[in-house]
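J.: Sharing a structure with you now.
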Amino acid sequence: MSVKLNVVRRPQLWQEVASELRRTILLRQFAPGAHLAEAELSREMNVSRGPIRDALRQLELESLVEIKPNGRTLVVGLSHESIAHLYDARLCLERHALRRASERLTDDDVAALQALVDLMEDSSRQGRVAEFSQSDMAFHQQFFTIAGNRILAQLRTTLTAPLGALVELEIMTVLESSGITDPRAWAVNQAHQEMVDALRDRDADRAQAILTTHLEGAQNLLLEELEQRALI
């Protein structure tokens, strides 16, 4: 007998700890060079040292902290180089996924992408910032879903947490002052619409070119805002 189970996956405790530590590091509440002691974090966050240790290992993979041979963990924080490396990896993966997706694309896939763009535009008009960013991330994730390459999708998953944190940081910096109806937000919508139009025409080269311009522009905008607010 076949049984369909609806399982709600909740973040593990170490992931929740990593998310909170990531946020504080990105906002420079922990300054670069600060020592993150497991015992102290355990007391302050009211969790055991195991999840703290796992969270710090994840943040080391994201280059936000450095774990020394003696076990001391030091905050690295954001830098021009770390952001450039992250966006470079993202662009490489997404360009390839987009190319593979274009080879398997169905009309239903195009409709799903269009629905996400429509949701982004509606979120812009209504000022729903969280929905806007979630739809943006979901749009790009669709490339990997449509491409159907499980390993490629797993590689993209390794970037999900740091990318999500940067998107959140961008919201707090760019949109808190100018609002989601700022022309820069509408430019994001336009780029996504142009990618859908290119994919609808089965023009993978044009879609890749639009994606490249879009991500390079997003990186430059983020760096500019972070510099102005002395967060890097």
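J.: List every residue pair whose Cβ atoms lie under 6 Å apart, where the two residues are 6 or more positions apart in sequence or sit on different chains, the first residue falls within the stretch 120-147 and is surrounded by fewer than 17 Cβ atoms within 10 Å (Cβ to Cβ), and the second residue, located anywhere, is at pLDDT below 90 and not charged (D, E, K, R).
T.: Pairs found: G127/I180; E131/S123.
J.: Now a separate question. Would a scan of the stretch 121-132 turn up a residue that is hydroxyl-bearing (S, T, Y) and within 10 Å of the chain's Cα centre (by Cα)?
T.: Checking the stretch 121-132: not a single residue is hydroxyl-bearing (S, T, Y) and within 10 Å of the chain's Cα centre (by Cα).
J.: Follow-up question, since we're still on this one. Within the stretch 19-39, is even one residue within 19 Å of the chain's Cα centre (by Cα) and under 20 Å from Q154 (Cα atoms)?
T.: yes
For (1) touching a residue at least 24 places away in the same chain (Cβ under 8 Å); (2) surrounded by fewer than 19 Cβ atoms within 10 Å (Cβ to Cβ); (3) more than 30 Å from R200 (Cβ to Cβ), each residue gets a yes or a no:
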| site | (1), (2), (3) |
| --- | --- |
| L61 | yes, yes, yes |
| K68 | no, yes, yes |
| G71 | no, yes, yes |
| S79 | yes, yes, yes |
| H85 | no, yes, yes |
| D88 | no, yes, no |
| A97 | yes, no, no |
| R100 | yes, yes, no |
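J.: Looking at this structure, is E194 without any contact (Cβ under 8 Å) to a residue 60 or more places away in the chain and either farther than 23 Å from S123 by Cβ or in contact with a Pro (Cβ under 7 Å, 6 or more places away or on another chain) (or both)?
T.: When the stated conditions are applied, E194 does not pass them.
The values are calculated or read from the model by the stated rules, or taken from the named source; none is laboratory data. Since we're looking at a predicted model, the values are computed, not measured. Virtual Cβ from ideal backbone geometry, glycine too; neighbours counted across all protein chains shown.
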